[in-house]
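Here the structure comes first, spelled out in structure tokens, and everything after it is commentary.
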Amino acid sequence: MLLSEVFLPEFVIEDLQSEDKTEVFEEMVDRFCRVTKLDVRDEVLDALQDRESKMSTGIQNGIAIPHGKTTAIERVFGVLGVSKQGIEYDSLDGKPVYLVLMLLAPPVEAERHLHLLQRMANLLRNPDFYKDITGAAGNAGRIFEILKNYEETEAIADG
């Protein structure tokens, strides 16, 4: 499964308004629920907070990858958000976050969940990906195209 099949254009938030981790979880989950028309806000927030309680998903260099598993959904979903002002996230490096890639999965999709986390990690190793995505803040369509283009380039490079 490709990241561009999970982080669909309607799940891209081009200008996150949140100032801290709690707010960004709520903002992104609200978008998820609005787009999917699923009434699972509390269950999804609980799954994210449960995972976050183990260790911050604010990895470093302005990037956070909150993720969680819940039986409230039946397939894998992703919500991608870009912040222009930065989000206080309690990141491992102590710096604000500007790019948030939220991944949600049902427990039966644990293997796919891990595969997608690995795909994200591979993309995020390329500093140009982060620079281009955050540089497109304010344009959801452009953010999605950048994700798709980098993913295709990586797939070609992997052979």
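Here are some notes:
- Being more than 17 Å from Glu10 (Cα to Cα), of a type outside the set (A, V, I, L, M, F, W, C) and assigned to a helix (DSSP H, G or I) is a description that does not apply to Asp90.
- Residue among Asp39, Asp15, Asp30 that is closer than 17 Å to Pro96 by Cα and among the charged types (D, E, K, R): Asp15
- Any hit, the stretch 68-83, residues being at pLDDT below 95, farther than 17 Å from Glu5 by Cα and hydrophobic (A, V, I, L, M, F, W, C): no
- Exclusive hit being loosely packed, with under 15 Cβ neighbours inside 10 Å, modelled with pLDDT of 95 or more, touching a Ser or Thr at 6+ places or on another chain (Cβ under 8 Å) and within 25 Å of Val108 (Cα to Cα), set Asp46, Asp50, Asp39: Asp46
- All positions within the stretch 118-136 that are touching a strand residue (DSSP E or B) at 6+ places or on another chain (Cβ under 8 Å) and closer than 18 Å to Gly58 by Cβ: Met120, Leu124, Tyr130, Ile133, Thr134
- The helices (runs of 4 or more DSSP H) found entirely in the stretch 1-83 that carry 1 or more residues being of a type in the set (S, T, N, Q) and free of Cβ contacts under 8 Å to residues at least 12 places away in the same chain are 21-36.
- Residues of the stretch 122-138 that are in contact (Cβ under 8 Å) with a residue 40 or more places away in the chain and within 16 Å of the chain's Cα centre (by Cα): Leu123, Leu124, Tyr130, Ile133, Thr134, Ala136, Ala137.
- The single condition among (1) out of contact with any helix residue (DSSP H, G or I) (no Cβ under 6 Å at 6 or more places or on another chain); (2) loosely packed, with under 15 Cβ neighbours inside 10 Å; (3) within 20 Å of Pro106 (Cβ to Cβ); (4) not aromatic (Phe, Trp, Tyr) that Glu23 does not meet is (3).
- The number of residues in the stretch 106-154 being surrounded by fewer than 15 Cβ atoms within 10 Å (Cβ to Cβ), part of a helix (DSSP H, G or I) and among the polar types (S, T, N, Q) comes to 3.
The values are calculated or read from the model by the stated rules, or taken from the named source; none is laboratory data. Just so you know, these numbers come straight off a predicted model, no measurement behind them. Cβ sites come from the backbone with ideal geometry, for glycine too, and all protein chains shown count toward neighbours.
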